[in-house]
Each structure stands twice: as C-alpha cells, then as structure tokens.
Amino acid sequence: GSTKALSRSALETLNVACVGVGGKGGSDSSNAAKFGNVIAMCDVDRSTLEGKAQSPEFKSAEKYTDYRELLAK
C-alpha cells in the first residue's frame, strides 16, 4: 500500500510553552523562540518569570507559576 506523508506549510508557526525559564531553561526557551512562537511560559520563581517576560520574544506569552495551570489551558 501507499502511505501519505504529512505535509506542512512553510508558513506555519510552531507554538511553544516553556516550563522553567531560568538557568538552562532560560537558554532553552530563548532558543525555542527562534524557531516558534512562545505562547506560554512557567517558572515557580516569579522574578525569573517576570525577568524573562521582558524580552521581546516573550512579551505576548501567558505567564504561569504552576505548570499544572499552564497544561490545563
């Protein structure tokens, strides 16, 4: 039988949610923002979360301190 390949448009943008945005998570989330749209971010440390939110690529991201709330939405 034949199989169909899943094709995606070059215009599609990957939406990303980041959990843990300090330390290694900070560099990982910045790297993810280069390849997609960060729509949500979470960190238990409110100051880390707010600091990361100041970067232009994270300004429109929803902010959470509890990953369970992020996943529920």
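Remark: pairs (first residue in the stretch 49-73, in contact (Cβ under 8 Å) with a residue 12 or more places away in the chain; second residue loosely packed, with under 15 Cβ neighbours inside 10 Å and assigned to a helix (DSSP H, G or I); Cβ separation under 9 Å; 6+ apart in sequence or on different chains) = Glu57/Lys34; Lys63/Arg46; Lys63/Glu50; Thr65/Arg46. Listed conditions (1) open to solvent by 80 Å² or more (accessible area, probe 1.4 Å); (2) modelled with pLDDT under 95 are all met by Ser9, apart from (1). Each residue in the stretch 29-56 was checked for being of a type in the set (D, E, K, R), open to solvent by less than 80 Å² (accessible area, probe 1.4 Å) and not in a loop (DSSP other than H, G, I, E, B), and 2 of them qualify.
The values are calculated or read from the model by the stated rules, or taken from the named source; none is laboratory data. Just so we're clear, the structure is a prediction, and the values are computed from it rather than from any experiment. Backbone-built Cβ (ideal geometry, glycine too); neighbour counts: all protein chains shown. Side chains included, ligands, DNA and RNA excluded: accessible areas come from the protein's heavy atoms. Shrake-Rupley method; radii C 1.70, N 1.55, O 1.52, S 1.80 Å.
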